[in-house]
Amino acid sequence: MELNERAELDSSQVNDLGSSGGSGGGGFNLPIGGGGLAGIIITVLLALIGGGIGLHSATSDDNSPSSGGTDLGQACAQSNPDRFKNVKCRNLLYVNSIQSYWQQEYPKITSGKKYELADTNYFENRVNTGCGAADSGVGPFYCPQDHQVYIDLSFYNELSSRFGADGEFAAPYVLAHEYGHHIQDLLGTNAKAAQGEQTGASSASVRLELQADCYAGTWAKHATESRDKTGQQPLFTSITATDISQAIDTAEAIGDDTIQKKSGGSVNPDQFTHGTSAQRKKWFSQGYQSGNPENCDTFGASSL
Ligand SMILES: [Zn+2]
């Protein structure tokens, strides 16, 4: 994967909250796997890594302005030759690419509806969101209440050290998966799935997660076509077969069965919320090979 040095990034799509993204709040209340909304919005990943996740309502004193973040417009300006050494700028480019793709693609799958941009928020340790407060242990997630993505970038280190998913392309895959949940939110798929079963091998939750993986695959297929803020420059100059296999390895590494085994337990499909390694790999690949979100119908699929 090569990033285009000449691309102009749109820093308005990412907020760097620094370490002040969350000032108030108490402990976590809802265990993941308990189902409900929490099970749906949480990504991929960290359900089991962090040992648990939960969200509680933000309280009024959580509204203090955030501070401590970087001015990404400046740090990631094209005039800075070192910008792509900065993980924040690389991830800003990924977010720009994913949203550039959906701006093109979303109208095609909705008879002309406009894609609504969703911000990504970088935070450290703890953050207050429209879905309540969360800490880094939950992993990256999409909050349907405020329609934003949240990520503590140190998560990528954990992905590498705990799951051996250490290719750089793991990062855009993770973000593209989260934006997949935003697409589901815009399409109303989240809301429909919230009525269904939340855990188990063919639950609505698993179908949502696998669909988000498939959407990540369709983005990956078209990522080199995505354009920068000016519309003139591609964001990526190349994405290689190695990058794609890194995304597939990541999808595989964070399957529920693999995580359960690594956590020392036996595999229990009743607790699956995200799909097995084989399923995650399959659906990412299906998205990638077809390049078409309409081939991501995990709800209509007879086998997952
Ligand atoms: Zn997810």
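Quick note: the coordinates plus some simple rules give every number you see, no bench work behind them. This one's a predicted model, so the numbers in the text were calculated from it and none came from an experiment. Cβ coordinates were reconstructed from backbone atoms using ideal geometry, including for glycine residues, and neighbour counts include every protein chain displayed.
Could you work out how much longer the chain between Ser79 and His147 gets when fully extended? Use 0.36 nm per residue separation minus the Cα distance between them, nm to one decimal.
Numbers: separation 68, 0.36 × 68 = 24.48 nm, distance 3.14 nm.
Between Ser79 and His147, full extension yields an extra 21.3 nm.
In terms of Cα to Cα distance under 19 Å, which aspartates and glutamates are near enough to Lys281, apart from those fewer than 8 places away along the same chain?
Asp166, Glu168, Glu178, Glu209, Asp213, Asp243, Asp249, Glu252, Asp256, Asp257, Glu294, Asp297
I need the trypsin sites (Lys or Arg not before Pro) found in segment 97-133, filtered to DSSP loop residues with at most 10 other beta carbons within 10 Å of theirs. Write out the running numbers ahead of the final one.
Details: sites: Lys108, Lys113, Lys114, Arg126; in loops: Lys113, Lys114.
Filter output for segment 97-133: Lys114.
Here is the link list: Lys192/Lys282; Lys229/Lys282; Lys114/Lys229; Lys113/Lys192; Lys192/Lys221; Lys221/Lys282. Which ones come out longer than 21 Å on Cα distance?
Working: Lys192/Lys282 23 Å; Lys229/Lys282 33 Å; Lys114/Lys229 17 Å; Lys113/Lys192 19 Å; Lys192/Lys221 27 Å; Lys221/Lys282 15 Å.
The pairs that break the limit, which is 21 Å between Cα atoms, are Lys192/Lys282; Lys229/Lys282; Lys192/Lys221.
Compute the distance in nm between two label points, each set 7 Å from the Cα along the Cα-to-Cβ direction, one at Thr237 and one at Asp270.
Result for the modelled spin labels: 5.5 nm.
Where the only charges are on Cβ atoms (+1 Lys, Arg; -1 Asp, Glu), what is the dipole of segment 204-278 about its Cα centre, to the nearest 20 debye? The partial results should precede the final answer.
Values: 6 positive and 10 negative charges, 36 e Å.
Its charge dipole is roughly 180 debye.
Among the GluC sites (Glu not before Pro) within segment 82-149, which fall in a DSSP loop and have no more than 15 other Cβ atoms within 10 Å of their own Cβ? Write down the numbers at each step before the final one.
Values: sites: Glu105, Glu116, Glu124; in loops: Glu116, Glu124.
Taking segment 82-149 and a limit of 15 other Cβ atoms within 10 Å, the loop GluC sites (Glu not before Pro) found are Glu116.
What shape does segment 112-222 have by the C-alpha gyration tensor, where a ≥ b ≥ c are the square roots of the eigenvalues, rounded means a/c under 1.5, and otherwise prolate means a/b greater than b/c and oblate the rest?
Rounded shape, in that the Cα axes give a/c under 1.5.
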